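Asks: Attaching a single structure in structure tokens format; questions to follow.
The values are calculated or read from the model by the stated rules, or taken from the named source; none is laboratory data. Computed from a predicted structure; not experimentally measured. Here Cβ is always computed from backbone atoms with ideal geometry, including for glycine, and neighbour counts include all displayed protein chains. Keep in mind that these areas ignore ligands, DNA and RNA; they rest on the heavy atoms of the full protein, side chains included. Shrake-Rupley method; radii C 1.70, N 1.55, O 1.52, S 1.80 Å.
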Amino acid sequence: MRKLLGLTRYAVIVPAVASIIGALVLMVFGSVEMFVAVFEAATGSSYLKDTIVEVLTAVDAILLGTVLLVIGYGLYELFIDTELEVPTWLQVNDLDDLKSKLIGVVVAIIAVVFVGVFVDYNRSADVAAYGLGAGALVIGLAVFAYATKKPNK
């Protein structure tokens, strides 16, 4: 029974690989969107505010891809291969490490989305609501991170 339970950890391979594939897809789409925005800006076929919104949308997709990449690597590293060679900032030793890395990237995504709303003249009436929502979310994540932080870290 112990060996069978030990083997169940390999079930994490499926969501880890799916997260990495999703990350790559988002990063490719975000990069293509970025090139299109730069091309349109260079040819003068778009307005400055439209270009800013397009660039921020591309950055948002790339950051979301980064979140999925961190999740995929973290799950794989936690459950399958603790000796996976990743940069120091991406090393995950326990679920708290994964949680803190995810919170950092999610806060960055929230900031990018808010700036996108802030500069988009079509949604200028929503800036206060988005700002309050983004602020509440960041405060909630900070409280969660603080409340679940291990004492030795």
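Asks: Identify, please: which residue in segment 52-93 is among the hydrophobic types (A, V, I, L, M, F, W, C) and at pLDDT below 85 and is, among those, most open to solvent (accessible area, probe 1.4 Å)? If you could, list the steps in order and put the result at the bottom.
Replies: To start, the set of residues in segment 52-93 that are among the hydrophobic types (A, V, I, L, M, F, W, C) comprises 52-53, 55-56, 58-59, 61-64, 67-71, 75, 78-80, 84, 86, 89-90, 92.
Those left that are additionally at pLDDT below 85: 52-53, 84, 86, 89-90, 92.
On the way: ILE52: 62, VAL53: 34, LEU84: 50, VAL86: 23, TRP89: 160, LEU90: 9, VAL92: 7 Å².
It comes out as TRP89.
Asks: Same structure again: Restricting segment 94-126 to residues that are at pLDDT 80 or above and out of contact with any helix residue (DSSP H, G or I) (no Cβ under 8 Å at 6 or more places or on another chain), which is farthest from LEU26 (Cα to Cα)?
Replies: Among them, the one singled out is ASP96.
Asks: Here's a follow-up. Please give the number of the condition ALA136 fails out of (1) open to solvent by less than 40 Å² (accessible area, probe 1.4 Å); (2) farther than 25 Å from PRO15 by Cβ.
Replies: (1)
Asks: In segment 1-51, what residues are closer than 24 Å to VAL113 by Cβ, over 20 Å from the mean Cα position of the chain (by Cα) and open to solvent by less than 90 Å² (accessible area, probe 1.4 Å)?
Replies: VAL36, ALA37, VAL38, GLU40, ALA41, SER46, ASP50, THR51
Asks: Tally time: how many residues in segment 89-110 are among the polar types (S, T, N, Q) and either touching a His at 6+ places or on another chain (Cβ under 9 Å) or assigned to a helix (DSSP H, G or I) (or both)? Lay out the reasoning, then the answer.
Replies: First, pick out the residues of segment 89-110 that are among the polar types (S, T, N, Q): 91, 93, 100.
Going one step further and asking which of them are either touching a His at 6+ places or on another chain (Cβ under 9 Å) or assigned to a helix (DSSP H, G or I) (or both), we end up with 100.
Going through segment 89-110 one residue at a time, the tally reaches 1.
Asks: Starting from residues that are touching a Phe, Trp or Tyr at 6+ places or on another chain (Cβ under 9 Å) and among the β-branched types (Val, Ile, Thr), keep the ones in segment 1-13 and report whichever is nearest to PHE79 (Cα to Cα). If you could, list the steps in order and put the result at the bottom.
Replies: Within segment 1-13, the first condition is being touching a Phe, Trp or Tyr at 6+ places or on another chain (Cβ under 9 Å), and the residues that meet it are 9-13.
Cutting the leftovers down to among the β-branched types (Val, Ile, Thr) gives us 12-13.
Details: VAL12: 7, ILE13: 8 Å.
Taking the candidates together, the pick is VAL12.
Asks: Name the one entry in VAL113, VAL106 that is touching a Leu at 6+ places or on another chain (Cβ under 7 Å) and either among the hydrophobic types (A, V, I, L, M, F, W, C) or under 26 Å from GLY22 (Cβ atoms) (or both).
Replies: Numbers: VAL113 fails: touching a Leu at 6+ places or on another chain (Cβ under 7 Å).
Answer to the selection: VAL106.
Asks: Looking only at segment 39-56, filter to residues that are in contact (Cβ under 8 Å) with a residue 12 or more places away in the chain and of a type in the set (A, V, I, L, M); which one of those is nearest to ASP120 (Cα to Cα)? Spell out how you get there, then give the answer.
Replies: Going through segment 39-56, the residues in contact (Cβ under 8 Å) with a residue 12 or more places away in the chain turn out to be 40, 49, 51-56.
Remaining after also requiring of a type in the set (A, V, I, L, M): 52-53, 55-56.
Numbers: ILE52: 8, VAL53: 6, VAL55: 12, LEU56: 10 Å.
Going through the qualifying residues, I end up with VAL53.
Asks: Any idea which of ALA16, ALA61, ALA23 is within 19 Å of ILE110 (Cα to Cα), among the hydrophobic types (A, V, I, L, M, F, W, C) and in contact with a Phe, Trp or Tyr (Cβ under 6 Å, 6 or more places away or on another chain)?
Replies: The unique qualifying residue is ALA61.
Asks: On the given criteria, is VAL36 in contact with a helix residue (DSSP H, G or I) (Cβ under 8 Å, 6 or more places away or on another chain), part of a helix (DSSP H, G or I) and of a type in the set (A, V, I, L, M)? Talk me through it step by step, then tell me what you get.
Replies: On the way: in contact with a helix residue (DSSP H, G or I) (Cβ under 8 Å, 6 or more places away or on another chain): yes; part of a helix (DSSP H, G or I): yes; of a type in the set (A, V, I, L, M): yes.
It is true that VAL36 is in contact with a helix residue (DSSP H, G or I) (Cβ under 8 Å, 6 or more places away or on another chain), part of a helix (DSSP H, G or I) and of a type in the set (A, V, I, L, M).
Asks: Turning to a different aspect of this structure: Of the residues VAL55, VAL86, VAL59, only one is out of contact with any Leu (no Cβ under 9 Å at 6 or more places or on another chain) and not in a helix (DSSP H, G or I); which?
Replies: Numbers: VAL55 fails: not in a helix (DSSP H, G or I); VAL59 fails: not in a helix (DSSP H, G or I).
Answer to the selection: VAL86.
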